[in-house]
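Down below is the structure, laid out as structure tokens.
Every number here is computed from the coordinates shown, using simple stated rules; none is lab data. Note that the structure is predicted; figures quoted are calculated from it, not measured. Please note: Cβ atoms are built from the backbone with ideal geometry, for glycine as well, and neighbour counts cover all protein chains shown.
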Amino acid sequence: MGKIILVTGGARSGKSTFAERYVAKYGNKIGYIATAQIYDEEMEYRVQLHQNRRPKEWATFESPFDAQNIVLEQGNSYDMFLFDCMTIYISNILSKVDDLAEFDKIYELVVGKVNELIKAIRESSTTVVIVTNEVGAGIVPENKLARIYRDLSGLANQMLAEAAEDVYLVVSGMPVNIKKLKEDI
């Protein structure tokens, strides 16, 4: 049965760098599930930074929408995957939504995608390290799309944390395994 390691933190907290070190330390054959889509020069630069840090022997799978398929198809061929990142993945899903007024449908879509990913990981024999942003620590966004994004990202993070073996919070480049610190209530 596959397992999930969740790595969360704020923007520029060092979570991707920590996740890369984690899979390099514990994995032998590593797959990288990239969720970003390049729409402008700034995003192209960010993607290039991530690509330059990765070892050349890691296999890269571009999957902005259906990452569960990569895990189902390739999960037994790699002992570890790095999925970077869940909040970009949710943004990709939301970019395909036509009507923001249909919150129930959007909610079902995102929750369904996260559940499909969790199920695929559990059905595989691999470990998937999932990077995600902690988006709930700031102010309530002023626009509807940003609020929907924040709410669904937070929900996805909760679902993944519940399913995860370990959950690391990265602050200023320092990881803390918060799942080991949690209280059972």
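Quick one: helix 103-123 against the long Cα principal axis of the chain, what's the angle to the nearest 10°, folded into 0 to 90?
With rounding to tens, the tilt is 10 degrees.
Let me know the Rg and Dmax you get for the chain when you use only its Cα atoms, in Å.
Using the Cα atoms of the chain, the pair Rg, Dmax is 15.8, 47 Å.
Taking the chain as a Gaussian network, where each spring joins two C-alpha atoms under 10 Å apart, which residue of LEU94, LEU49, LEU160 fluctuates the most?
LEU49
How about the stretch 1-70: which trypsin sites (Lys or Arg not before Pro) there lie in a loop by DSSP and see at most 14 other Cβ atoms within 10 Å?
Details: sites: LYS3, ARG12, LYS15, ARG21, LYS25, LYS29, ARG46, ARG53, LYS56; in loops: ARG12, LYS29, LYS56.
Here the sparse-neighbourhood loop sites are ARG12, LYS29, LYS56.
Measure nothing fancy, just the Cα-based angle from helix 15-26's long axis to the longest principal axis of the chain, in degrees from 0 to 90, nearest 10.
30
Once you order the gyration tensor axes a ≥ b ≥ c over the Cα atoms, which shape class does the stretch 20-126 get: rounded for a/c under 1.5, otherwise prolate or oblate by comparing a/b with b/c? Intermediate results must be reported in sequence, preceding the final value.
Numbers: a/c = 2.86, a/b = 1.31, b/c = 2.17.
It is oblate, given that a/c is not under 1.5 and a/b is not larger than b/c.
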